Amino acid sequence: MRVDPKRTRERMVREQLEGRGVSDPAVLSAMREIPRHIFVEEALAAKAYLDCPLPIGEGQTISQPYVVALMTEVLQVRPGMRVLEIGTGSGYQATVLARMGADVYTVERIKSLFFAARQRFLDMRLFSVRCKLDDGTLGWPDEAPFDRIMVTAGGPNLPEPLLEQLGDPGRLVIPVGVSRGNQNLLLVEKQDGEVRKTDLGGVSFVDLVGAHGW
Ligand code: SAH
């Protein structure tokens, strides 16, 4: 790409993230370091730091940088936590979580995206990311419980298996909506057996498909 990716990334962090109130230093430094342009096709590399989602093939998208930062910040990820991600896509979000020191378990249902993301994790020697080709609405029962769960596709409601696999205390974020492509970001907190849900506002994600999805 013709633009200097490091300077472009610094500008993305300053204008799109800090400018909108993202302040977790671990989120900001992970997103300042990770070369987002390697997660999209070469033809789109120059657009990788723009303030929008981008296509990654199979009708799916890599989320807008701000949305990645916002979802990661509300999860309050700390080093050593076990984090489950549903919807590996390009692998960018999983890489952000891994750079923050989490042990990442990520599930993708589309074969070509799964293989491409797995290759990126290998190329980056990111061994703290484990990936699986499966219906993520069923979670990853063998590895549960998880300290944090992030769903990066929008479903009609919160899949029951994910709530079951969330540890206590635990935090989960998921876009939920009655119509496709139009959701509200839901933060779910589990503490002392109680579950509290907070609406964080409107978002637009690709569909969460599967047994507990659309
Ligand atoms: N987090 C990704 C973006 C995800 S786009 C990134 O950083 O690039 C949403 C992804 O969720 C798509 O790849 C889609 O195939 C996947 N998806 C949708 N329903 C799913 C399901 N039930 N299980 C696993 N992945 C699913």
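Can you name every residue in segment 105-138 that is within 19 Å of MET31 (Cα to Cα), within 11 Å of the ligand (Cβ to nearest atom) and either among the β-branched types (Val, Ile, Thr) or in a strand (DSSP E or B) (or both)?
Passing the criteria: only THR106.
Limited to segment 58-100, what total is found for residues that are within 13 Å of the ligand (Cβ to nearest atom) and not in a helix (DSSP H, G or I)?
So the count comes out to 16.
Looking at segment 35-48, is at least one residue closer than 20 Å to GLY101 by Cβ and free of Cβ contacts under 8 Å to residues at least 60 places away in the same chain?
Yes, that holds for at least one residue.
In segment 183-202, how many residues are free of Cβ contacts under 8 Å to residues at least 24 places away in the same chain and either of a type in the set (Val, Ile, Thr) or under 21 Å from ALA69 (Cβ atoms) (or both)?
Looking only at that region, the number is 6.
With (1) part of a strand (DSSP E or B); (2) over 26 Å from ASP199 (Cα atoms); (3) aliphatic (A, V, I, L, M) as the list, and VAL176 as the residue in question, which single condition is left unmet?
Going through (1) part of a strand (DSSP E or B); (2) over 26 Å from ASP199 (Cα atoms); (3) aliphatic (A, V, I, L, M) one by one, VAL176 breaks only (2).
Residue check, SER112 against (1) small (Gly, Ala, Ser); (2) buried (at least 24 other Cβ atoms within 10 Å of the Cβ); (3) farther than 23 Å from GLY80 by Cβ, all met but one. Which one?
Just one mismatch for SER112, condition (2).
Residues to consider are ARG130, ARG148; find the one that is over 29 Å from ASP199 (Cα atoms) and under 16 Å from the mean Cα position of the chain (by Cα). Before you say what the answer is, go through the steps one by one.
On the way: ARG148 fails: over 29 Å from ASP199 (Cα atoms).
Residue meeting the stated conditions: ARG130.
Can you find even one residue in segment 60-73 that is among the polar types (S, T, N, Q), surrounded by 19 or more Cβ atoms within 10 Å (Cβ to Cβ) and closer than 23 Å to PRO169 by Cβ?
yes
For the subset of segment 43-57 comprising residues that are in a loop (DSSP other than H, G, I, E, B) and under 21 Å from PHE114 (Cα atoms), which member is farthest from the ligand (Cβ to nearest atom)? It would help to see each step written out before you state the result.
Looking only at segment 43-57, we keep the residues that are in a loop (DSSP other than H, G, I, E, B), and these are 48-53.
Now narrow it down to the ones that are under 21 Å from PHE114 (Cα atoms): 48, 53.
On the way: ALA48: 11, PRO53: 8 Å.
Among them, the one singled out is ALA48.
None of the figures in this text is laboratory data; all of them are computed from the coordinates on show. The model shown is predicted, which means the values in this text are computed figures rather than measured ones. All Cβ positions, glycine included, derive from the backbone under ideal geometry; neighbour counts span all protein chains shown.
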